[in-house]
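Step one of this worksheet: look at the structure below.
Laboratory data are not the source of any read-out in this text; all were calculated from the coordinates shown. This is a predicted model, so every value here is computed, not measured. Here the Cβ is made from the backbone with ideal geometry for all residues, glycine too, and neighbour counts use every protein chain on show.
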Amino acid sequence: MIISFPHMGNMHVVLRSLFAGFGCEVMTPPPISKKTLELGAKYSPETVCLPFKMTLGNFIEVLDQGADTIVTCGGVGPCRLGYYSEIQKGILNRLGYKFNLIAVEPDLIDALKKLRLVSSGKSWLEIYHSFKIAGAKMSAIDNVERQLNFIRCREAFRGSAEKIARRAIDSIDEAQDIGRIREIADTAIGELKEVKQINNIEPLKIGLVGEIYVMLEPYINQELERRMGEMGVEVHKTMYLSDYVRAHLLKKKEYISLHEVLAALARPYLGHYVGGHGLKSIAQTIHMGQQGYDGMIQAYPFTCMPEVIAKNILPQVSKDLDIPVLTLSYDEQSGEAGVLTRLEAFIDLLKYRRQRKAAQLK
Ligand code: SF4
């Protein structure tokens, strides 16, 4: 059995570790490229959301290289995620690919039962250990990335923070025990704090909300975090992979309470769950507006129903909380220049607002 999975940011580091620990032969799909996008778009229904197309492209590329088992996510709720795996399987079968598809639902028991099937006779203890190592890698990478987002906009020499983070993620990928993984992350975070910074700057603070795949996959969002950081913006991404896993798969108490708080915040504008992260996009915009953030960016795939609902509500939130919101929707036609121009104009607007507020206070 040669097992594979779709890409989403650094998720491959986590899944590679998990399945290797299960004793599987693991094949990571080639990094996402123009070819991945073209393949996915060619064989997908035209109006389906971008993550469907991209992951289909990943599957075609990795099946061509010899993988015979694909693990992907299932889904519940009003959006299309729950249909992805079955439709993708049908498309791939019609293209002549024969393989096993394992769709893991957002439920820990379901995940354990299905993943046990690929664990080559490993004991529950060994499986638990693999989960612990993969989980430690996931948290370590997210912690490094959080610190990277804080430092990047302040660094005196562009690229120095990025280099430290990249090196740390590569080492985390290779590390085999939890102590070593934590040590790598702590060292990298320490080094990031020591990066030479520009004196006396107060970077703009922008919250990033939206759909998880677009938020986490830099190829798709055109390296939004890096670009914003290099433009002098402190980016607060409202969801990392570890947040998603703890909230949706592990259903950790603190995330359930957080969800209740966010749902209460959003209620005056949207009173029910609409699938995906639409409700959270509204709630986080309210929350960050109350916290005095300079602006918000909502990033999502074109035709993503939950985020389109949020997009139509956000202008009212923006007006009530006096916080500018830029919406960026991505599809296979999204060009780098278009996104960059809108981003630059938005950041100029936020700088102007800040200067005007400061002048009013004098
Ligand atoms: S959340 Fe949006 S992009 Fe993701 S599957 Fe649902 S509709 Fe598609």
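For the options ALA264, ALA41, ALA337, a Gaussian network treatment of the chain with springs between C-alpha atoms closer than 10 Å singles out ALA337 as fluctuating the most. Among TYR97, TYR240, the ranking by other beta carbons within 10 Å of each residue's beta carbon, starting with the fewest, stands as TYR97, TYR240. Considering helices alone, the calculated mean residue ellipticity of the chain at 222 nm is -18500 deg cm²/dmol, with DSSP H runs of length four and up weighted by -39500 (n - 2.57) and normalised per residue. For region 112-134 versus region 219-266, the spacing of their alpha-carbon centroids is 27 Å. Charge tally for SER119 (other residues, Cβ to Cβ under 12 Å; Lys, Arg +1; Asp, Glu -1): +3. Each of VAL317, GLY77, LEU92 was scored by the projection of its Cα onto the charge dipole of the chain, and the greatest displacement toward the positive side belongs to VAL317; charges sit on the C-beta of Lys, Arg, Asp and Glu. Of the beta bridges in the chain, as assigned by DSSP with both residues counted there, near 5 percent are antiparallel. Seen from ALA165, the other residues with C-beta closer than 12 Å to its C-beta sum to a net charge of -1, counting Lys and Arg as +1 and Asp and Glu as -1.
Relative contact order of region 288-343, taken over Cα pairs closer than 8 Å and 6 or more residues apart, is 45 percent.
For region 204-362, a simple Cβ point-charge model (Lys and Arg +1, Asp and Glu -1, everything else neutral) yields a dipole of about 680 debye relative to the Cα centre. Taking amide H as placed 1.01 Å from N in the peptide plane, VAL104 has its amide H under 5 Å from the amide H of THR72, CYS73, GLY74, each at least 5 places away in sequence or on another chain.
State, as an integer percentage, the relative contact order of region 209-263 based on alpha-carbon contacts under 8 Å between residues 6 or more apart. It comes to 25 percent, rounded to a whole number. Working from Cα pairs under 8 Å separated by at least six residues, relative contact order for the chain is 16 percent. One quarter of the convex hull surface built on the alpha carbon atoms of region 2-121 amounts to 7.3 nm², the projected area averaged over directions.
Inter-part distance, region 156-214 to region 307-359, computed on C-alpha centroids, equals 26 Å. Partners of LYS253 within straight-line reach, counting lysines whose Cα lies under 19 Å from its Cα and excluding those fewer than 8 residues away in the same chain: LYS132, LYS280.
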